[in-house]
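The values are calculated or read from the model by the stated rules, or taken from the named source; none is laboratory data. Only a predicted model underlies this, so the values are computations on that prediction, with no experimental measurement involved. Every residue, glycine as well, gets a Cβ built from its backbone with ideal geometry; the counts of neighbours run over all protein chains shown. Just the protein is used for accessible areas: all its heavy atoms, side chains included, with ligands, DNA and RNA removed. Shrake-Rupley method; radii C 1.70, N 1.55, O 1.52, S 1.80 Å.
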Amino acid sequence: MNSLSFSELQNFSTFLQNEMEGAQLQDLWTNGQILIFQFYKFKELYLVLDTNPQKPNLIYLQNPPRIEKKQKPITLFLHSHGKNLRFLKSQVDPGKGRVLEIELAGGERNCHLEFQLIPKAFNLLAESEGKKISWEKPRELPPAHNPEATTEVSFDWIERGLSWLEERFQTGPREKKPAADSRFKAIEKKRKAQVAIEEQLKEDLAARWKEFGEKLKISSESIDDFQDLYQTKKSRNWNLENAFSQAKALEKKRAGTETRLAKIKEEIAELEKDLQQNPEPKILPGPATQASRLMAKTQTKGRRLQLEDGLEALIGKSAADNLAILRKAQAWDLWLHLKDYPGSHAIIIRPRNHEVSQQAIQKVAEWLIRESLGQQKIQWGIKYDVVVVECRHVRPIKGDRLGRVTYHHPRVFSFASKP
């Protein structure tokens with residue numbers, strides 16, 4: 001279907017004014033090629049923008065097409081600045097040519113939309129509260145070709161919408177799916193992390209431990225609300241000292257959490273600013289594996305082993321690499337070593353509180369046996385003990401060049417070596 005001529009666009013503007021004046025913008029969505037505005041005025045009305053650069057079009061529909069929903073910077077902007085406003089007026093300026101302007105207003109708020117329906121020069125501009133955004137990068141409009149005004153309605157606009165639907169979604173070329181913009185997913189992930197951290201900060205456990213300590217100073221009989229913190233098998237003095245120790249540790253941890261929250265907010269703001277300035281979809285490179293990121297962070301070399309549930313194990317190529325990796329590993333990652341034998345350390349990278357199966361530990365243990373002893377020294381079928389400790393309980397020995405460590409709270413697994 002061809003784009004509207006200037007005269008047709010004028011007629012369409014008049015039709016919209018009569019049909020949609022006072023209608024409220026309730027929602028809008030896009031698949032990257034088609035943008036749908038959902039209005040309500042006694043019934044649902046739809047204004048559809050086809051952004052085909054060769055044949056840009058505006059369509060009036062009473063029932064919208066089903067399209068996959070994607071986010072674009074301009075839809076985020078209009079959700080914030082245009083949603084719930086009412087259709088005030090539409091007009092076509094002869095000096096601009098095939099450009100339809102729509103004004104939305106409500107109370108003291110307003111939003112101006114400019115649909116530039118010029119083949120090979122299409123754009124959609126939105127402006128509200130001094131802020132502007134566009135579908136494509138704004139550029140100067142080509143000169144208008146002295147269009148002549150007309151008031152004759154040459155279309156049944158409802159029938160035209162049905163014809164467009166049939167052509168665009170049934171007999172037309174298959175709709176090409178636009179590439180998803182990775183920045184939206186990154187923003188969503190960071191916002192979830194922000195909410196989780198804010199909830200954590202609301203609890204303020206340090207203040208509760210401190211209050212518990214202050215109560216203990218007065219009397220051990222005034223702690224009814226803190227029975228879950230009081231250890232009955234310990235003395236009052238021990239509980240008093242422990243309360244302030246816990247409060248101090250949590251306050252220190254809280255400072256780090258607040259720093260992390262500020263960093264996340266800053267990262268979200270940077271991504272949103274980038275979306276405003278660079279609205280074209282941006283595909284960020286796929287994330288490297290956690291093991292690769294850890295090696296990059298520590299500037300070390302190593303070998304990786306893929307495990308079930310998407311987990312990975314990592315062994316450094318040298319004692320120095322192993323220690324550097326250990327120092328930067330997460331506290332809840334697992335450290336493995338062959339008991340009573342010198343050799344490599346392995347780290348299983350896991351999410352917090354994720355229980356690593358014994359089968360996965362055995363797989364890493366067999367790998368560790370081969371890496372530590374070598375094929376020539378392994379006695380096949382002999383049982384070897386493997387020590388498994390959370391990284392938080394492993395400490396490198398200061399100044400030791402052989403990569404030795406001390407550890408606490410170990411679990412020991414015995415596995416028979418297999419050729």
Among the residues in segment 56-78, are any surrounded by 15 or more Cβ atoms within 10 Å (Cβ to Cβ), of a type in the set (D, E, K, R) and within 28 Å of the chain's Cα centre (by Cα)? yes
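Looking at segment 223-237 only, could you name the residues that are open to solvent by less than 80 Å² (accessible area, probe 1.4 Å) and free of Cβ contacts under 8 Å to residues at least 12 places away in the same chain?
Listed by number, the residues that qualify are I223, S235.
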Filter segment 79-124 for residues that are touching a residue at least 60 places away in the same chain (Cβ under 8 Å), under 17 Å from F15 (Cβ atoms) and of a type in the set (D, E, K, R); the one that is surrounded by the fewest Cβ atoms within 10 Å (Cβ to Cβ) is K89
Given (1) surrounded by fewer than 17 Cβ atoms within 10 Å (Cβ to Cβ); (2) within 30 Å of R183 (Cα to Cα), S220 misses just (2)
I need every pair where a residue in segment 201-217 that is among the basic types (K, R) has its Cβ under 6 Å from the Cβ of a residue that is open to solvent by less than 90 Å² (accessible area, probe 1.4 Å) and not in a helix (DSSP H, G or I), sequence separation at least 6 or different chains. K215/S222; K215/I223
Report, by residue number, each residue of segment 338-356 that is hydroxyl-bearing (S, T, Y) and either closer than 14 Å to F415 by Cα or surrounded by 22 or more Cβ atoms within 10 Å (Cβ to Cβ) (or both). S344
Look at segment 37-46 and say how many of its residues are open to solvent by less than 10 Å² (accessible area, probe 1.4 Å) and either under 18 Å from S134 (Cβ atoms) or of a type in the set (K, R) (or both). 1
